[in-house]
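**Q** Let me give you the structure first, and then I'll get to my questions.
The values are calculated or read from the model by the stated rules, or taken from the named source; none is laboratory data. Values in this document were obtained by computation on a predicted structure and should not be read as measured data. Cβ sites come from the backbone with ideal geometry, for glycine too, and all protein chains shown count toward neighbours.
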Amino acid sequence: MRIKNLNIGSFGKLESVSIGLDDKITVVTGKNEAGKSSIATFIKYMLYGFDSSKKTEVSENQKKKYMPWNLDECSGEMTFISADGKEYTAVRKTAARSQNTVFDESNMPVTSDNAGDFFFGINENAYKKTAFIGQNDTAFTDDGELDSALNNMVFSADESVDSQKALKKLEDVRKYYLGKASRSGRIFELEKELRDLCEQRDKWKDGHKELLSSEYQLSEIQKKIAFNREKKEQLDKEKANLECYEAKCRLLQIEEAKKKVEDDRFSLSEHCKTMQNGDFLPDADYISLVKTALNNISSQEKYSEECRTNFERAKKNLEDVCSDETQRRVFDTLAKENETAENLLREIKKLWGKKKKAKILAIILTCLIVTIPIAIFFYINSSKVSKHLASICEKYGCEAIDELEDKLSGEGSFKAANETARRYFEDAEESLEKSEKTLGEYYEALATLSQKGGFDAKEAKEYVKKADAWLEKGGELTSKYREDHAGYNALVASVNVDELCELASKLDESIEIRDVKTVNQQLAFYTQANDALIVKERELEKQAAVLSNTLPKPAEIQSRILSLSASLNEMKEKHSSLCLAIETLERASENMRSEAAPKIAAETSSLFSKITGGKYKALYADSEMKLTFLGKDEAQVRDAGYLSTGTLDAAYISLRLALCEFLYKEHPTLVFDDAFANMDSERLANTLDFLVELSEDFQIVILSCHDREKEYLSGRAKIINFEV
């Protein structure tokens, strides 16, 4: 069998826990009380349920120990693969009645017997002594327990199972007549009854004396009951008054909480008034708008200043370009006359050539006396041309024609520079106008906000600073109000105020107010004392009634003694016959056990040698399953009592594993619950190495509160760090 999953519904302190186990080795580690032993016990529970112990001690009654505190049932599922490779699911629930079913892969029920009985072919007792190994139960401490388990398994393994059943039935009948320790059985009961009758026969004469004693004790107990009842009534009254006092304290607490809420509301209201403007109360969004307006103004002022600087620069540049007044006049006159510099230059050159030609002709003709009149004509023409050129110079603001020609020649570059400077100037002027307009709009927006908030726009920065502090304090006051209001609501919601008022009105101030715990302790003491006294009172009343009405008669007692003696002799004869039959069957069982023991011893020796790293050559179990060992280089066989605690644990583990190989119908899952605590590191390493090898045939679950197993098997086993 190899377990796949453990689904723990409710078991001890574990609830809704799912654990997947490795096909070979799983190591579960955790602190003490983390739930590891509960996991181990849950595996046994899914295989066999709880044992049938009826003991009242929790430590000796598994059902009591692992029944959840907050639930009334244990439940869980276990999925596993059997030796035939099929998957099964065991479902178990233990409440008032136990339910147990094993389902196959098709969800069809296979059996309602215990999964361990069905698949292993052994009972719970043999399982606990072989495959289920804890720290304190590696050895078989009960005499004959292993011997009995082995004997049962040997019989179950061959055809003599009917003989074993017969032996059990005979043993049961023998126990019915008389138990092994002679402390139980029908013979023991008859002997006790016979002794009691004899004692009663001797004591009946003292019956009246005992009756008087019972009546006196009854009287004293009744006085104590009356006293305790009076004290209990006083304590009940004091407890009721404490409830009234607690109600009054709770009301005062509610009133204080209410006053705190009202004070918080008043503080918040007064705080709001400090920034309120009429019906308007600023909030974070409004303050954000004011901040945005201030930021816009600040940014726009910087931008406007840049625009003004650019404007002044463009203006100066334009003025620098136009600083040559003559050039500017020539440029403006050309524009005014709709004339071009090229045309005017051609005209000037033409006039200049005309003047020069007339002057030259006049000079030449003057030299010829006869042509002086003609020369005068050319002088006149030359003078007219000169005047015309002078008028042109005057028109364009030049003193000489050479200057005009020079200005006309530079007109193109001047025009380009002028246009560039003027365009730059106009752009700068437009940007300045727009920025100043936008700045004005921002100032208007701030003015609108300041009017709404009731502050001077010039003091907006101070207002924002003040408003931020106001909002922060307002937030603190609001949080405090909400917190106190929530506390008040919680107090009111958790109680009925009318009932508290009614209880508080019943408070008796004359009664001392003591600690509730002290009052409850005293009340519990007197209640328990009276309950015990009442039980004793009833017993004494019954005893007195019996003594007074049914004092035994000597003749009746003697007749009963004779009848019991005859029955007792008959049962003793039957008991002797049963003992003889049982002894015969046990001798046959001993023969079979002696045949199985050598096989188990050989397997045990092999396992023990591996675990101890070859230090011990052999480990023997005699017909009584008493262990002896043989050292590696020794010839003398010694008793296992000479072994250390850790080595002795290894010896018993070897014996258990050998029994698992020999007794089970199929290999069980081996559970080690803190089973290696007594081993040193070397012995533990050998054991774990051996278990790794063994995991090829057996599934192994190791539970430990130490990290040694986890660290050594890291990478070779599934590690689960478990904690509830």
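**Q** Collect the residues in segment 68-118 that are part of a loop (DSSP other than H, G, I, E, B), in contact with a Ser or Thr (Cβ under 9 Å, 6 or more places away or on another chain), in contact (Cβ under 8 Å) with a residue 60 or more places away in the chain and surrounded by 15 or more Cβ atoms within 10 Å (Cβ to Cβ), keeping them in residue-number order.
**A** Once the filter is applied, which keeps residues that are part of a loop (DSSP other than H, G, I, E, B), in contact with a Ser or Thr (Cβ under 9 Å, 6 or more places away or on another chain), in contact (Cβ under 8 Å) with a residue 60 or more places away in the chain and surrounded by 15 or more Cβ atoms within 10 Å (Cβ to Cβ), segment 68-118 yields only Glu73.
**Q** Can Ser644 be described as farther than 22 Å from Pro598 by Cα, loosely packed, with under 15 Cβ neighbours inside 10 Å, at pLDDT below 90 and polar (S, T, N, Q)?
**A** Here the answer is yes, as Ser644 does meet what is asked.
**Q** Can we say Asn5 is in contact (Cβ under 8 Å) with a residue 40 or more places away in the chain and in a strand (DSSP E or B)?
**A** Taking the combined requirement at face value, the residue satisfies it.
**Q** Filtering segment 513-546 down to residues that are over 30 Å from Leu218 (Cβ atoms) and touching a residue at least 12 places away in the same chain (Cβ under 8 Å), which residue is farthest from the chain's Cα centre (by Cα)?
**A** Across segment 513-546, the extreme among qualifying residues is Ile513.
**Q** Report yes if some residue within segment 45-52 is assigned to a loop (DSSP other than H, G, I, E, B) and free of Cβ contacts under 8 Å to residues at least 40 places away in the same chain; otherwise report no.
**A** yes
Yes/no per residue for (1) in contact (Cβ under 8 Å) with a residue 12 or more places away in the chain; (2) assigned to a loop (DSSP other than H, G, I, E, B); (3) within 22 Å of Tyr712 (Cα to Cα):
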{"position": "Thr628", "(1), (2), (3)": "yes, no, no"}
{"position": "Ala635", "(1), (2), (3)": "no, yes, no"}
{"position": "Gly641", "(1), (2), (3)": "no, no, no"}
{"position": "Gly646", "(1), (2), (3)": "yes, no, yes"}
{"position": "Arg656", "(1), (2), (3)": "yes, no, no"}
{"position": "Glu661", "(1), (2), (3)": "yes, no, no"}
{"position": "His667", "(1), (2), (3)": "yes, yes, no"}
{"position": "Glu682", "(1), (2), (3)": "yes, no, yes"}
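**Q** Okay, next question. Out of everything in segment 84-109 that is at pLDDT below 90 and among the hydrophobic types (A, V, I, L, M, F, W, C), what residue ends up being nearest to Ile3 (Cα to Cα)?
**A** In this case the residue turns out to be Ala95.
**Q** Considering each of Lys175, Lys248 in turn, give the residue that is modelled with pLDDT of 85 or more and part of a helix (DSSP H, G or I).
**A** Answer to the selection: Lys248.
**Q** Could you check segment 8-32 and list, in sequence order, the residues that are within 19 Å of the chain's Cα centre (by Cα), surrounded by fewer than 17 Cβ atoms within 10 Å (Cβ to Cβ) and assigned to a loop (DSSP other than H, G, I, E, B)?
**A** Lys13, Lys31
**Q** Another question, if that's okay. Could you please give the count of residues in segment 690-709 that are polar (S, T, N, Q) and farther than 22 Å from Ser609 by Cβ?
**A** Counting residues in segment 690-709 that are polar (S, T, N, Q) and farther than 22 Å from Ser609 by Cβ gives 2.
**Q** On the basis of being part of a helix (DSSP H, G or I), modelled with pLDDT of 70 or more and loosely packed, with under 12 Cβ neighbours inside 10 Å, does Lys354 make the cut?
**A** So Lys354 does not fit the description; no.
**Q** Another one. Can you tell me which residue among Leu503, Leu471, Leu540 is of a type outside the set (S, T, N, Q), part of a helix (DSSP H, G or I) and at pLDDT below 85?
**A** Only one candidate passes the filter, namely Leu540.
**Q** One residue is enough: does segment 418-434 have a residue meeting the conditions touching an Asp or Glu at 6+ places or on another chain (Cβ under 8 Å), at pLDDT 85 or above and of a type outside the set (A, V, I, L, M, F, W, C)?
**A** no
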